[in-house]
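J.: Here it is, the structure in full.
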Amino acid sequence: MSQPDKKLIAFHQLNDFSGSPKVLSMTINALLEDGYEIDLVTTEGGCLDLIKSPNLKVHYFPYKFTSNKAATLFRSTLSQFHMFFYGLRHGKGKKFLINTIMPIGGALAGKILGSEIFYHYHENAFYKGFYYKMKAKVMLALADRIFCVSKYQKGFLPQRPNIDVIPNALFKSQKDKLTAHTLKGFESKEILLVSSLRAYKGVTLFARLAQRMPDYKFVLVANATNEEICNYWKSQKVTVPPNLSVFTRQKDVTPFYNSAGLLVNLSDKRYFVETFGLTVLEAMAAGVPVIVPDEGGIVELVDNGRNGYVVDVRNIDIIEETARKVFSDYDRYVAMSENAIATAAGFSEKKYNETITKAINHKK
């Protein structure tokens with residue numbers, strides 16, 4: 001039996017294969033282990049990996065993201081009503097956990113009920129449009145406590161005592177499957193990008209880089225279906241070079257990290273800034289050096305020249321030069337691989353679980 005104050009209802013709008021549902025999985029599992037009774041309100045089909053527990057009830061609602069902005073906005077609005085009324089009906093006497101700024105309906109229900117509202121803020125709304133900025137203002141008005149994933153992200157919010165930084169972490173089960181193969185990685189000359197299928201995430205740039213480096217192997221794991229990938233290449237007028245292998249969304253990306261020699265993140269800071277960079281942390285746990293943009297929370301993971309490189313990824317010449325440098329010296333590569341593993345070790349599931357449960361339980 002849970003304690004009277006250990007009842008929680010969690011809301012997550014889009015259960016896909018991105019970082020935020022992965023982190024939510026870890027949060028829910030940690031709270032279940034701490035004795036919470038939890039209702040989870042979300043969509044089907046993503047990577048939420050939850051332990052089986054009689055204290056967990058999952059309610060699914062229909063929502064799907066599409067490239068049609070009007071259709072997505074309509075569906076998103078309907079989902080807000082769904083979460084709002086579900087929260088009103090089932091949330092009395094429970095803490096409310098809002099994962100990302102999107103489930104505003106759940107947060108409003110919590111406010112009406114007088115519940116304690118926790119926001120796990122994964123985005124940087126201030127790098128997006130008016131719609132996201134307004135949702136961030138709603139978050140600041142409704143939240144009793146806000147969890148940011150990096151110091152960089154927190155820097156865009158008012159400096160209030162109820163805003164904490166809790167970095168993301170790796171599941172122990174995943175970390176145990178990530179294995180460093182330093183010599184194999186160095187000799188492979190394999191460059192990996194794990195990304196959603198967006199131009200601002202550098203997908204088109206990655207294909208251009210592969211065209212410029214035919215002596216290297218490139219692997220793209222896109223959070224998309226085969227049809228979506230084909231349509232994307234057509235829209236971008238990109239001819240996929242023979243040294244670029246493209247894979248659809250994967251439930252388990254571990255094998256790709258274990259075979260890679262280098263991971264790149266090519267997010268264009270003019271349009272999108274990474275608030276953390278979970279794929280970078282996953283790669284590091286496999287001993288894979290990284291190349292990341294020079295702005296965002298992702299920079300907090302990389303000690304330039306030790307476990308990877310921080311560069312202006314808008315400049316393809318610099319990316320190519322840096323990538324070739326990574327594979328040019330084996331002794332340096334070994335050192336970077338070892339440093340990457342050491343960095344990842346600081347972001348353990350155990351440490352995260354202790355931090356998030358203390359925060360929600362108001363313990364120091």
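J.: Could you check the stretch 206-229 and list, in sequence order, the residues that are touching an Asp or Glu at 6+ places or on another chain (Cβ under 9 Å), assigned to a helix (DSSP H, G or I) and open to solvent by less than 30 Å² (accessible area, probe 1.4 Å)?
T.: Within the stretch 206-229, just Leu209 meets the criteria.
J.: Do we have Lys64 as within 23 Å of Asn29 (Cβ to Cβ) and not hydroxyl-bearing (Ser, Thr, Tyr) here?
T.: So Lys64 does not fit the description; no.
J.: Are any residues in the stretch 257-273 outside any strand (DSSP E or B) and open to solvent by less than 30 Å² (accessible area, probe 1.4 Å), and if so, which ones?
T.: Tyr257, Ala260, Gly261, Asn265, Leu266, Ser267, Asp268, Val273 - these are the residues of the stretch 257-273 that are outside any strand (DSSP E or B) and open to solvent by less than 30 Å² (accessible area, probe 1.4 Å).
J.: Let me ask something additional. Show me the helices (runs of 4 or more DSSP H) entirely contained within the stretch 282-364 in which 2 or more residues are open to solvent by 10 Å² or more (accessible area, probe 1.4 Å) and touching an Asp or Glu at 6+ places or on another chain (Cβ under 8 Å).
T.: By residue number, 330-345, 349-360.
J.: Just one of Asn226, Asn231, Asn258 is farther than 30 Å from Asp331 by Cβ and touching a Ser or Thr at 6+ places or on another chain (Cβ under 7 Å); which is it?
T.: Asn226
J.: Write out, first by first residue and then by second, each pair whose Cβ atoms fall under 9 Å of each other, whose residues are 6+ apart or on separate chains, and whose first residue, in the stretch 217-237, is within 23 Å of Ala283 (Cα to Cα) and among the aromatic types (Phe, Trp, Tyr) while the second is in a strand (DSSP E or B) and open to solvent by less than 20 Å² (accessible area, probe 1.4 Å).
T.: Short answer, once both residue conditions are applied: Phe218/Glu190; Phe218/Ile191; Phe218/Leu192; Phe218/Leu193; Phe218/Leu244.
J.: Taking into account only those residues within the stretch 74-91 that are under 30 Å from Ala199 (Cβ atoms) and touching a residue at least 40 places away in the same chain (Cβ under 8 Å), which is surrounded by the most Cβ atoms within 10 Å (Cβ to Cβ)?
T.: So, considering only residues that are under 30 Å from Ala199 (Cβ atoms) and touching a residue at least 40 places away in the same chain (Cβ under 8 Å), the one surrounded by the most Cβ atoms within 10 Å (Cβ to Cβ) is Ser79.
The values are calculated or read from the model by the stated rules, or taken from the named source; none is laboratory data. Remember, predicted model here, so these are calculated numbers, not experimental data. Heads up, the Cβs are rebuilt from the backbone with ideal geometry, glycines too, and the neighbour counts pull from every protein chain shown. Areas reflect the complete protein model, heavy atoms only, side chains present, ligands, DNA and RNA absent. Shrake-Rupley method; radii C 1.70, N 1.55, O 1.52, S 1.80 Å.
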